[in-house]
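The values are calculated or read from the model by the stated rules, or taken from the named source; none is laboratory data. Keep in mind the model is a prediction, meaning the values are calculated, not measured. Because the Cβ atoms are built from the backbone with ideal geometry, glycine has one as well, and the counts that use them run over all protein chains shown.
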Amino acid sequence: MRERSRAEGRLTVLRMALIVLVLLVAACGGGPKLPRLAPDAVVLAFGDSLTFGTGANPHESYPARLEALIGRKVVASGVPGEVSAAGLARLSSALEETRPQLLVLCHGGNDLLRKLDDGQTANNLSAMVRLARSRGAQVVLIGVPKPGLLPSPAVFYEDIAREFKLPYEGAALRKILTDNALKSDLVHPNSAGYARLAEAVAALLKKAGAV
């Protein structure tokens, strides 16, 4: 009986180890996946001043850097000062003009700065995701930090990413905007900061299988 008990104990330990291993493998390879971008695919980077590249030269913006990193055309469509409601109204024409295979959405920062209703901002961003998908574009979401001593992305970004199963970058801007060496002012990266953001988005696209 004692030997049988020991054998059962070892079997239980082995089963637990196997479960942990499976979970670790799933975590490493997990996350939403995207179709691979065609060599001639267009990527639409859509947003406000963070997409426009305020605080750096045009060729130093994150969309320009991203284009060089992924080897696909990246169209920058950023309007400084734009709130999400205006972005939603503008997105249809931007999609029609560029016909992207992928939308990189980085919006809502001005809503946070102006302390607009989080629920409405989330609704606007969700509507942008649905609109892009209805036009045949996949979507990647970038979380924008709320202003403060310890800025971190508003919770609704992660909620939207989870709801729509989107590849999500929620750490890059938080790290950039808490490092004085990487920002041009309180809410905008500098050239080095935009380079870091582009690298983070490129890494996310690679993890998702898009490049």
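Could you tell me whether any residue of the stretch 92-110 is among the hydrophobic types (A, V, I, L, M, F, W, C) and more than 21 Å from Ala203 (Cα to Cα)? Yes - at least one qualifying residue is present in the stretch 92-110. The criterion of at least 2 residues that are of a type in the set (Gly, Ala, Ser) is met, among helices (runs of 4 or more DSSP H) falling completely within the stretch 132-211, by 191-208. Checking the structure you have, find out if any residue of the stretch 63-82 is within 26 Å of Gly209 (Cβ to Cβ), among the polar types (S, T, N, Q), modelled with pLDDT of 95 or more and crowded, with 20+ Cβ neighbours inside 10 Å. Yes: one or more hits. Somewhere in the stretch 99-115, is a residue assigned to a helix (DSSP H, G or I) and in contact with a helix residue (DSSP H, G or I) (Cβ under 7 Å, 6 or more places away or on another chain)? Within the stretch 99-115, one or more residues are assigned to a helix (DSSP H, G or I) and in contact with a helix residue (DSSP H, G or I) (Cβ under 7 Å, 6 or more places away or on another chain). Looking for something farther than 21 Å from Leu205 by Cβ, free of Cβ contacts under 8 Å to residues at least 40 places away in the same chain and acidic (Asp, Glu) - is there at least one such residue anywhere in the stretch 67-84? Taking every residue of the stretch 67-84 in turn, at least one turns out to be farther than 21 Å from Leu205 by Cβ, free of Cβ contacts under 8 Å to residues at least 40 places away in the same chain and acidic (Asp, Glu). Taking the criterion of being closer than 16 Å to Glu169 by Cβ and assigned to a loop (DSSP other than H, G, I, E, B), the residues of the stretch 29-47 that qualify are Gly30, Gly31, Pro32, Lys33, Leu34. Taken over the stretch 66-87, the criterion of being farther than 19 Å from Val144 by Cα and either of a type in the set (S, T, N, Q) or in contact with a Leu (Cβ under 8 Å, 6 or more places away or on another chain) (or both) is satisfied by Ile70, Arg72, Val74, Val75. Anything in the stretch 48-61 that is over 16 Å from Gly108 (Cβ atoms) and in a helix (DSSP H, G or I)? List them, or say none. Across the stretch 48-61, the qualifying residues are Pro58, His59, Glu60. Being assigned by TED's automatic domain parsing to the domain that holds Phe156, loosely packed, with under 15 Cβ neighbours inside 10 Å and either modelled with pLDDT of 95 or more or closer than 19 Å to Ser134 by Cβ (or both) is a condition met by no residue of the stretch 101-113.
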